Amino acid sequence: MLLPVLVFQFGPKQAVPIMAIAAFMSNLAKVLAWWREIDWCAFAAYSISGVPAAALGARTLLELPVRAIDIGLGAFFLAMIPARRWLHARSYRIRLWQLGVVGAIIGFLTGMVLSTGPLSVPAFTAYGLIKGGFLSTEAMSSLALMASKIVTFQQLGALPFPAIIRGLIIGASVMAGSFAGKIVVQRMSIRAFQFVLDGMLLISGISLLWEAAC
């Protein structure tokens with residue numbers, strides 16, 4: 001949900017590197033909060049292919065027009081809502097090797113669209129992870145992909161010192177929210193948790209499409 005705000009303030013090409021740092025810190029906090037529930041096999045399968053793909057996606061992002069980035073982000077976030085519900089309604093499950101294939105695809109897209117959250121929700125839930133298991137494993141995987149993106153942005157000169165400072169400031173606030181959010185998630189039902197995910201995707205998607213249209 002933070003991405004549309006940063007896109008409005010700094011533009012998509014600046015917002016993505018800034019948010020990469022903030023997302024790295026946020027996912028680090030989630031990993032620390034949910035450490036005992038990480039599915040290490042799922043993390044390894046997803047990240048081995050996802051890390052190099054994320055670096056390739058980050059390089060691709062810097063070559064795209066700004067308006068195309070906004071439209072692509074918004075449309076993809078909205079598409080994730082019916083996709084997740086479709087998979088859930090059919091009780092579709094993916095295996096470990098399939099998670100590795102999905103990791104490569106989502107890793108590349110994540111390099112361009114900032115966060116593995118909206119992209120990886122259907123993948124990890126289809127693998128069978130929910131609540132703490134989902135949050136911890138997705139966060140650990142995101143941590144690896146974000147590290148790959150940050151290194152790539154730095155090498156390409158897309159992460160100047162002001163962007164690093166902004167990312168650290170935003171990330172510190174998000175880290176605090178991650179620990180506070182653990183208390184809320186532990187008290188939520190699975191159904192309520194799924195509605196919250198859909199709501200976040202809907203708000204982010206509409207905001208980005210609105211930004212592209214204005």
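The values are calculated or read from the model by the stated rules, or taken from the named source; none is laboratory data. On a predicted model such as this, the values are computed, not experimentally measured, just so you know. Note: ideal-geometry Cβ built from the backbone for every residue, glycine included; neighbour counts use all protein chains shown.
Tabulated data
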quantity	calculated
Any hit, the stretch 172-179, residues being within 16 Å of the chain's Cα centre (by Cα), more than 29 Å from TRP40 (Cβ to Cβ) and surrounded by 14 or more Cβ atoms within 10 Å (Cβ to Cβ)	no
For VAL16: the one exception among (1) buried (at least 23 other Cβ atoms within 10 Å of the Cβ); (2) touching a Phe, Trp or Tyr at 6+ places or on another chain (Cβ under 7 Å)	(2)
Residues (without any contact (Cβ under 8 Å) to a residue 60 or more places away in the chain and within 17 Å of GLY132 (Cα to Cα)) located in the stretch 190-207	ARG191, ALA192, PHE195, VAL196
In the stretch 126-146, residue surrounded by the most Cβ atoms within 10 Å (Cβ to Cβ) [restricted to those that are small (Gly, Ala, Ser) and at pLDDT below 85]	ALA126
Residue among ILE69, ILE21 that alone is part of a helix (DSSP H, G or I) and at pLDDT 80 or above	ILE21
Subset of the stretch 25-58 that is among the charged types (D, E, K, R) and buried (at least 16 other Cβ atoms within 10 Å of the Cβ) - its residue that is farthest from the chain's Cα centre (by Cα)	ASP39
Meets criteria (in a helix (DSSP H, G or I), in contact (Cβ under 8 Å) with a residue 40 or more places away in the chain and in contact with a helix residue (DSSP H, G or I) (Cβ under 9 Å, 6 or more places away or on another chain)) for LEU159	no
